[in-house]
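See below for the structure under consideration.
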Amino acid sequence: MNCTKAFIVSSSYSPPHHHRPPDNNTIRKHTSTCHFSSFNKNHFSLGEGVLLVRKKIGTKIRADVKSEPYDITGSPPDSIRFKDDKKDDDDIEEEGVVWWEEFPKRWVIVILCFSAFLLCNMDRVNMSIAILPMASEYNWNSTTVGLIQSSFFWGYLLTQIAGGIWADTVGGKRVLAFGVVWWSVATILTPVAAKIGLPFLLVVRALMGIGEGVAMPAMNNLLSKWVPVSERSRSLALVYSGMYLGSVTGLAFSPFLIHQYGWPSVFYSFGSLGTVWVALWLSKAQSSPLEDPELRPAEKRLILSSRVSKEPVKSIPWKAILSKGPVWALIVCHFCHNWGTFILLTWMPTYYNQVLKFNLTESGLLCVLPWLTMAFSANLGGWIADTLVSRGFSVTSVRKIMQTVGFLGPAFFLTQLSHINSPGMAVLCMACSQGTDAFSQSGLYSNHQDIAPRYSGVLLGLSNTAGVLAGVLGTAATGYILQHGSWDDVFKVSVGLYLVGTKQNIKNGMVIKCAISQEVLQIVDTIVKLQGLKEQVDASLSR
């Protein structure tokens, strides 16, 4: 039998003086006949990964060892692994790799999604500031302003489900790139449409909504494929904080641009930023870890180990999705949540200007505080939620707790606005309302990936359709209410829907009950009763 292993005579061997040391030819000759009969155990030793056998045969040294043949192109067996062979090939770090190439690719995707959402809200909220000089220039009343603000949601409503289906079937990378390009072009065209006429402006704002409508389902699809469950709340919180910081950026820079260059400059400058993002996205992002050739093997194993299925989605099981109670709970909660959120998003500068008597610049700058609070609270809530899940708490219980805070917090602080006369306290109440609202990112907005990870894009599209419908109705209804009522009436409607959403979240959510459900229900019932009692007292006093 031929030997396939190489043997080395130990340098510690000293033959007797009357023996002639073997030459190389002798060693080669004997190692080619691999057999042995008996050997001296004192001459059996292990070198660094090499078995040495020494035996006297006359005046020659022969290494006789039988070995099993193996493929030398593969990795060596454990019995002959060298001391410095401590890591698998996948775990050996490449020398000379710069730190940003070692940064986890999944967090590159998260950061790019964060920046997309930053641009998304920058392009959305600039209208809430620019509408003030536009309304003065074109003589628009409150109803017309409400119609313009709500026209964005007409297109936004149309592409929620379509964007989810598209993202789940063709991949989130293409869908998100399409959305950014589309809404950036529509943003740049807004001043032109306004000068042509009101119908053209309504159409362009609706087209902008079409582009932004696909962003959230596409992002949800991407993160469901790229982010492990243990990092889900933090990643979603970071992405959604991009929306809040986008509002901060838009509200902070819009007044400056308007005063220096006129209101059209806001739309031209913000819209042009989309081209930079698209170039980065197309060069760095992939729809799935399986499609990324630059993804390191260790990170790929980490991501794929928590994936439910690696098969692409070919058809959507609509009947199964729509027959589930948790799905409808998400839809109702999303509607109740977005009513209050979108009213504050679109009407807050007007509230500061008309009620608190701040000028345009002050309105824009003070609107920043609630959004900064939301950015901080969203990431804090994400960290708390992931910590609770990692310590063994039920995912369902964590989602319900976070969403309950996201409903009851804004409801409480909005009820206080009617009792406050100080502008500073009113701004603080708004900030606290928005800050507690941001806990919803670890509740409502994380739950889609929990209950249907393969169809998370479609599911978010479904629930966000209801949320956008709330935005359309709420934004338009606010303009109507303000013509026939007051801001207190606007806030009362929002508070009522927050309380309805809380009950729906606790009673008809996922099957597992959270430990504090009954106590929270009692608190909600008490708040509803107190609110009704307060209205009766106010009515009697007014008489």
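According to the Kirkwood relation over distinct C-alpha pairs, the hydrodynamic radius of the stretch 410-500 is 15.0 Å. For the stretch 376-438, the Kirkwood hydrodynamic radius from C-alpha pairs, put into Stokes-Einstein at 10 °C and a viscosity of 1.306 mPa s, yields a diffusion coefficient of 125 µm² per second.
Each of the peptides 248-254, 161-167 was scored by the mean count of other Cβ atoms within 10 Å over its residues; in descending order, highest first, they stand as 161-167, 248-254.
Relative to its residue count, the stretch 130-246 spans a Cα convex hull of 107 Å³ per residue.
Annotation: Cys113 carries an accessible surface of approximately 0 Å², with a 1.4 Å probe and no ligand, DNA or RNA atoms counted. Using θ = phi - 60° in the Karplus curve 6.51 cos²θ - 1.76 cosθ + 1.60, the 3J(HN,Hα) couplings for the stretch 321-330 round to 5, 6, 8, 9, x, x, 5, 5, 4, 4 Hz; x is entered for Gly and Pro.
Computed over the stretch 256-339, the range of Cα coordinates on each principal axis works out to 53, 42, 22 Å, biggest value leading.
The Cα atoms of the stretch 149-197 give a gyration tensor whose axes a ≥ b ≥ c have a/c of 1.5 or more with a/b no greater than b/c, which makes the shape oblate. One decimal place: the segment Ser283-Lys357 gains 21.9 nm when fully extended, by the rule 0.36 nm per residue minus the C-alpha distance. Translational diffusion of the stretch 194-338, estimated by Stokes-Einstein from the Kirkwood radius over alpha carbon pairs at 10 °C in a medium of 1.306 mPa s, is 83 µm² per second. Peptides 234-243, 421-430 ranked from most to least packed by the mean count of surrounding Cβ atoms within 10 Å: 234-243, 421-430. Across Arg301, Arg124, the residue with the most accessible area heads the list, and the full order at a 1.4 Å probe is Arg301, Arg124.
The values are calculated or read from the model by the stated rules, or taken from the named source; none is laboratory data. Remember, predicted model here, so these are calculated numbers, not experimental data. Cβ sites come from the backbone with ideal geometry, for glycine too, and all protein chains shown count toward neighbours. For accessibility, only protein heavy atoms count, side chains too; no ligands or nucleic acids. Shrake-Rupley method; radii C 1.70, N 1.55, O 1.52, S 1.80 Å.
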